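Undergrad: Below you'll find the structure I mean.
The values are calculated or read from the model by the stated rules, or taken from the named source; none is laboratory data. This structure is a prediction, so every number in the text was calculated from the model and none was measured. No Cβ is skipped: glycine too gets one built from the backbone with ideal geometry, and neighbour counts run over all protein chains shown. Accessible surface is based on the protein model in full, side chains and every heavy atom, while ligands, DNA and RNA are left aside. Shrake-Rupley method; radii C 1.70, N 1.55, O 1.52, S 1.80 Å.
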Amino acid sequence: MSKELSAEERDVLERFERDELRSAADAEREAELARQAARNTFNKTRRVNLRVTERDFNLAHARAREEGIPYQTLLSSIIHKYLSGRLTEKK
């Protein structure tokens, strides 16, 4: 394995050594999303066709963009959380 750094890696290292890098404000959330994505990578999945209203479809897309994830991942997460009891209706 080569120990030589690419230009991008050198740039990141130099910026780190100059203390120019900061953690993202939501770094823990980003890390959890990455962990969840990694866990889901090897899960066996089944394709589901789901019909939703145009309004719900657009809301799902907008929320997914806000979260920085694909809308299918968002919808899958919502369904999983609801079915496992971690997502409930507001009363």
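Undergrad: In degrees from 0 to 90, rounded to the nearest 10, what is the angle of the helix 27-41 Cα long axis to the longest principal axis of the chain?
TA: 70 degrees
Undergrad: Pull out a ≥ b ≥ c, the square roots of the eigenvalues of the alpha-carbon gyration tensor of segment 18-78, then state rounded if a/c is under 1.5, prolate if not and a/b is larger than b/c, and oblate in the remaining case.
TA: Numbers: a/c = 4.31, a/b = 1.64, b/c = 2.63.
Oblate, because a/c is 1.5 or more while a/b does not exceed b/c.
Undergrad: Sticking with this one: Solvent-accessible area of residue 16, probe 1.4 Å, all protein chains present, reported in Å² to the nearest ten, please.
TA: 140 Å²
Undergrad: Ignoring everything but the protein chains, give the 1.4 Å probe accessible area of residue 23 in square angstrom, nearest 10.
TA: Solvent-accessible area, nearest 10 Å²: 100 Å².
Undergrad: Taking 0.36 nm per residue of sequence separation and subtracting the Cα-Cα distance, how much length would be gained by fully extending the chain between residue 27 and residue 5, in nm to one decimal? Don't skip to the end; give the middle numbers.
TA: Details: separation 22, 0.36 × 22 = 7.92 nm, distance 2.48 nm.
Net length gain for the segment: 5.4 nm.
Undergrad: For the chain, what is the charge dipole size about the Cα centre, in debye to the nearest 20, if Lys and Arg each add +1 at the Cβ and Asp and Glu each add -1 at the Cβ?
TA: Dipole of the chain, to the nearest 20 debye: 940 debye.
Undergrad: Using Cα positions and a limit of under 22 Å, work out the lysines in reach of residue 90, with same-chain residues fewer than 8 apart set aside.
TA: 81
Undergrad: Projected onto the charge dipole of the chain (+1 at Lys/Arg Cβ, -1 at Asp/Glu Cβ, origin at the Cα centre), which of 50, 25, 74 gives the Cα projection farthest towards the positive end?
TA: So the residue furthest toward the plus end is 50.
Undergrad: Shifting gears a bit: How far, in nm, would the chain grow between residue 58 and residue 84 when pulled straight, counting 0.36 nm per residue and subtracting the alpha carbon separation?
TA: Values: separation 26, 0.36 × 26 = 9.36 nm, distance 2.52 nm.
Gain on stretching residue 58 to residue 84: 6.8 nm.
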